[in-house]
Each structure stands twice: as structure tokens, then as C-alpha cells.
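Worksheet: the structure to be examined is printed underneath.
The values are calculated or read from the model by the stated rules, or taken from the named source; none is laboratory data. Not measured: the values here are computed from a predicted model. For neighbour counting, all protein chains shown are included, and Cβ atoms are generated from backbone atoms with ideal geometry for every residue, glycine included. Calculation scope for accessible area: heavy atoms of the full protein, side chains included, ligands and nucleic acids excluded. Shrake-Rupley method; radii C 1.70, N 1.55, O 1.52, S 1.80 Å.
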Amino acid sequence: MSGPAERVAIEGLRVVFPERATPALAGLDLVWEPGEALAVVGGSGAGKSTLLRVLLGAVRPEAGVVRWRGGPLFGPRGPDRRLLAGWRAFAQPLFQHPGASLDPRATLGESVEEGPIVRGGIGAAERRRIVEASFAAVDLDPALGDRFPHEVSGGQRQRAALARALAVSPRALLLDEPTSALDAVSQLGFVDLLARLRAERGLGLLLVSHDLGLVRRVADRVAVLENGHLVECAPAADLYADPRHPYTKALLRAARHSVRGATGAESREEEPSP
């Protein structure tokens, strides 16, 4: 079970890219509590994906630190190697495009079993059980495990990528715009799936998104970024009922328009033949 030591404390995080005139993150302070669904929202260039890349160890901050299990996990000197292996077991990523995590040369089943194989210590029968259970958890027919990514729909690929993350039994997921490549109907189904997995497994979620309408279905708390700054952070119910910052109000207006359009949307994606 997650406890207080699993709290992720982001303190004074500053990231500067040479090609940008302003910092991607400008002294960000934020806490992600154990088991919490924290949505980080904002428009393009807000800094939300940069934050996720720091948490994945892909970007080194110029200043500030990310603390976890009592130590500085990420900072200007790079990741703490003593904590990194535990962090990677604790939090698994899910990217905007499933091609970032699914090998096009491997079947979906082979991709899902890769994590358990790397961890070692289990036989072929147990790996098959894990793959089947992971597919069932995301409402995919285990028979799809014999197909390659190009042989299934985009929605099925994203669910397979989620199954791959779940196969190593993480305590949290780092989600980078996981629905933006899906049609409107598939988006709602995927977010509802995340909510169900949280209830069943007690998963923590850090969900990066530009869409306040979708994150409302799953988030406990919402952090709003604008130009690398945290402009508002509140429990989801409070933020939706009484947004304080003008930028948050603008995002909510856009979200209401998006949800109205999605309710009657038709899928843009044709399902491959079974």
C-alpha cells in the first residue's frame, strides 16, 4: 500500500529550453498525494508535458527538486540512482501515442509481457496469465494479443499500451494526453476505464491534459498551468464550481463547448475487421 513516503513533492522546479524565450517551468511547487488522481491542465506551452518529462527522467531541471520516499529523486544533478529503480516500478507512463510504447514488430501480447520478462523470476505460464489478466483489465479480448499494433484500432492500441503498463503492477500512472489521439466517444470510454481502475486498484494518477471536460470524470484535484506557472490548484469539485483565475475560466468555457460537441460525435476511426 502507498503511504506518506510515496508523496511526490515538486519544489521550485525550473526548466529552461534554449529555444524558448521564457522558462518551460518557472519555479513550480506542487504535491501529488499517494493514490490521488491529480490532473495537470493547460494549453499548448503551459509546461504540463515538461513536468511529466521531468518525472520520467527525460528532462533535467535547471533548479528545484522532485522529492519521493524521503529523498531528492530528480534535480539539477540528475536522478538519484538509489531511488530510480523503485520509482520506475512505482509509476508507469502512458503516452499520447501508443506507438511510443508498443513495438510495431511485436504482437500486442509480446509487448504486454515484456515488463514481466525484464523483471524475471516467472515462467511462461505465469507470463501468459499476466498478459490475459492485463488485457481483461482494460476490456480487451485476449485473442487480440496475437495481433500487431497496425492490425487494431487506435483505441485498442491505447488500451493495449495501458495493459502493458498494468502488467508490472504499478502503484501509479503518469499519463501524457492519453486520449488526445482518440475520437470523442473513445475518449470518454478511456477516461471511464481509468476511473474504474482507480477504484479497483487504488492507483494514483498524474494526468496531463488540455481538456478540463475529460479530466473532470476522474480527477480529485486539478492544477492549472499557464506559461510555466501554477495559476490555480484546487479540489476538482471546487475548481469546476468556482474557478478563480481568468485562464481557468477560459479553459472551462472551452471544455463546455467540447463536451457539447462530443455527446453527438461519431467515431472518426474505423475498427479493423475481427
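Quick notes
- Efficiency of FRET from Cβ geometry, residue 9 and residue 169, R₀ 22 Å, rounded to 0.05: 0.35
- Residues 245, 150, 210 ordered from highest to lowest accessible area at a 1.4 Å probe: 150, 210, 245.
- The magnitude of the dipole of the chain, with charges of +1 and -1 set on the Cβ of Lys/Arg and Asp/Glu and taken from the Cα centre, is near 760 debye.
- Gyration tensor over the Cα atoms of segment 201-245: the corresponding equivalent ellipsoid has semi-axes (square roots of 5 times the eigenvalues, largest first) of 18, 13, 10 Å.
- Only helices enter the 222 nm calculation for the chain: every DSSP H run of n ≥ 4 contributes -39,500 (n - 2.57), and dividing by all residues gives -11500 deg cm²/dmol, rounded to 500.
- Within segment 1-96: Cβ-based charge dipole about Cα centre, in debye rounded to nearest 20 (Lys, Arg +1; Asp, Glu -1): 320 debye
- Packing-based order for 163-171, 179-187, 72-80, using average beta carbon neighbours within 10 Å, highest first: 163-171, 179-187, 72-80
- For segment 1-111, diffusion coefficient by Stokes-Einstein and Kirkwood Rh (Cα), 37 °C, 0.692 mPa s, µm²/s: 215 µm²/s
- Positive-end residue of 73, 227, 246, charge dipole of the chain with Cβ unit charges: 73
- Percentage of interatomic Cα-Cα distances in segment 103-198 larger than 23 Å: 21 percent
- Summing charges over all other residues whose Cβ lies under 12 Å from the Cβ of residue 204, with Lys and Arg as +1 and Asp and Glu as -1, gives +1.
- Modelled spin labels at residue 245 and residue 100, positioned 7 Å past Cα toward Cβ, are 2.2 nm from each other.
- The smallest convex shape that holds all Cα atoms of segment 69-140, its convex hull, gives 143 Å³ per residue.
- Quotient of C-alpha Rg and 2.2 N^0.38 Å, computed over the chain: 1.01
- Loop-resident trypsin sites (Lys or Arg not before Pro) (DSSP state other than H, G, I, E or B) in segment 9-55 with no more than 16 further Cβ atoms inside 10 Å of their Cβ: 20.
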